[in-house]
Amino acid sequence: MLATAGAFTFSLPRATSRVLCPLRPARAFREPPGRARTFAFGVVLPLAAQLTQRQRQRRAHSTAMASGTAGTSTVPSLDPARVALLKGHGVTLQAIEPMGAKVAGLDLKGPEPPAAVLEALQAEMANRGFLVVSGQGVLSGDEQVKASELWGGRQIHSTHGMHPKAPNKHIFRLSNDPQVGINGVGPQWHNDGSFEVGVFSHVGYHIVRVPENTGNTLFCHQGAAYDALPRETQEFWSRLVSVNATSGVLHPMAHDHPINGRRSVYLHLGMTGGVLEKVGEDEFRLLEEEELTKLFHSYNDLLNNGLPENGGNYAVSYLVVFGRAFLLFVLLILVLEKSLNFVFGGLL
């Protein structure tokens with residue numbers, strides 16, 4: 001339900017959409033004995049072969065502006081200039097800690113906002129990880145798709161199955177009740193659209209009902225997670241490429257976000273069939289099973305450790321963000337997610 005775009009060239013990113021309708025407590029996701037609990041679902045990321053000049057400039061700027069050293073993780077504060085610009089258009093932005101931001105004064109059912117408003121919101125989406133747009137009431141399927149098409153390549157791209165109760169063919173309707181929506185989706189940290197070369201640019205969630213007990217969804221900031229790694233691990237992961245288990249598509253495990261240029265992690269724990277390490281100019285080796293298991297556990301621990309209850313400052317539970325709010329619309333960028341119950345999705 002979030003998306004992070006990669007450090008490589010890519011075609012126009014496409015959004016995808018989903019609706020989350022958890023009605024009863026879901027099964028608890030069981031990790032290997034002794035492992036920390038896993039999360040939700042969240043980032044999307046279009047990748048290709050080489051860094052464009054513009055992306056190189058962004059990365060250089062990001063490196064020059066970054067504060068702290070490897071092992072120190074930070075989620076950027078809201079930009080005062082963007083906050084002021086949005087306020088001038090009647091839109092307010094409030095930071096959610098440790099990541100994300102709440103938007104008020106934006107009518108997703110009304111006319112399309114000015115380009116300056118969308119650009120400011122998309123930039124904050126990339127920096128903070130996601131935006132929560134509340135006070136929208138119940139969005140129809142067409143309204144949900146329209147809101148999703150405000151971002152990225154401004155084109156919905158659907159690859160999912162369609163539940164009979166989905167209000168639009170582009171909406172992935174999820175629930176822990178199979179009569180209400182598709183269940184058993186994304187019980188581990190993952191990025192949407194990782195089976196495609198050009199992954200989804202953005203993910204939008206229309207939260208119909210927040211789970212009352214289990215079935216939570218967690219989000220993690222991929223850039224801040226990368227910063228939390230020791231320097232030697234950053235260098236190792238930057239040599240790794242994941243192989244999607246269903247399509248064979250390759251994605252680098254460390255990439256540069258296309259909007260803010262920030263170095264970020266990327267790996268789908270539920271759909272990775274293998275990982276390659278670049279050991280020479282044109283030479284790769286396949287990680288052995290023991291190495292792969294260790295890598296998956298390290299990645300899972302890294303994201304879990306971002307939660308405040310684990311002492312981190314770069315991951316969050318949507319129950320903390322949304323409380324018991326009944327209706328919300330969420331747009332996310334640069335975030336990883338893991339879900340036991342769901343909403344609506346598509347992202348960068």
* Quick check: is even one residue across the stretch 73-82 under 17 Å from Arg262 (Cβ atoms), over 20 Å from the mean Cα position of the chain (by Cα) and surrounded by 17 or more Cβ atoms within 10 Å (Cβ to Cβ)? -> yes
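Residue by residue, here is whether (1) without any contact (Cβ under 8 Å) to a residue 40 or more places away in the chain; (2) surrounded by fewer than 18 Cβ atoms within 10 Å (Cβ to Cβ); (3) touching a Leu at 6+ places or on another chain (Cβ under 9 Å); (4) over 25 Å from Ser73 (Cβ atoms) holds:
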residue: His255; (1), (2), (3), (4): no, no, yes, no
residue: Ile259; (1), (2), (3), (4): no, no, yes, no
residue: Leu267; (1), (2), (3), (4): no, no, yes, no
residue: Val279; (1), (2), (3), (4): no, yes, no, yes
residue: Asp282; (1), (2), (3), (4): yes, yes, no, yes
* Scope the stretch 83-117; condition among the aliphatic types (A, V, I, L, M), within 24 Å of the chain's Cα centre (by Cα) and surrounded by fewer than 16 Cβ atoms within 10 Å (Cβ to Cβ); matching residues -> Ala104, Ala115, Ala116
* Please verify whether the stretch 123-132 includes one or more residues that are surrounded by fewer than 22 Cβ atoms within 10 Å (Cβ to Cβ), in contact with a helix residue (DSSP H, G or I) (Cβ under 8 Å, 6 or more places away or on another chain) and modelled with pLDDT of 95 or more. => no
* To do: Would you point out which residue out of Gly161, Gly204 is part of a loop (DSSP other than H, G, I, E, B), of a type in the set (Gly, Ala, Ser) and modelled with pLDDT under 85?
  => Gly161
* To do: Look through the stretch 89-141, keep the residues that are outside any strand (DSSP E or B) and of a type in the set (Lys, Arg), and return whichever of them is nearest to Gly312 (Cα to Cα).
  => Arg128
* Restricted to the stretch 180-197, and to residues that are at pLDDT 75 or above and assigned to a strand (DSSP E or B), which residue is surrounded by the most Cβ atoms within 10 Å (Cβ to Cβ)? -> Asp192
* **Selection within the stretch 249-258 - closer than 19 Å to Tyr314 by Cβ and either within 14 Å of the chain's Cα centre (by Cα) or outside any loop (DSSP other than H, G, I, E, B) (or both)** => Ala254, His255, Asp256, His257
* Asked: Can you name the residue in the stretch 269-300 that is part of a loop (DSSP other than H, G, I, E, B) and out of contact with any strand residue (DSSP E or B) (no Cβ under 7 Å at 6 or more places or on another chain) and is also nearest to Gly193 (Cα to Cα) among such residues?
  -> Glu288
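The values are calculated or read from the model by the stated rules, or taken from the named source; none is laboratory data. For clarity, every value in this text was computed on a predicted model and none was experimentally measured. Reconstructed Cβ throughout: ideal geometry from the backbone, glycine too, with neighbour counts over all protein chains shown.
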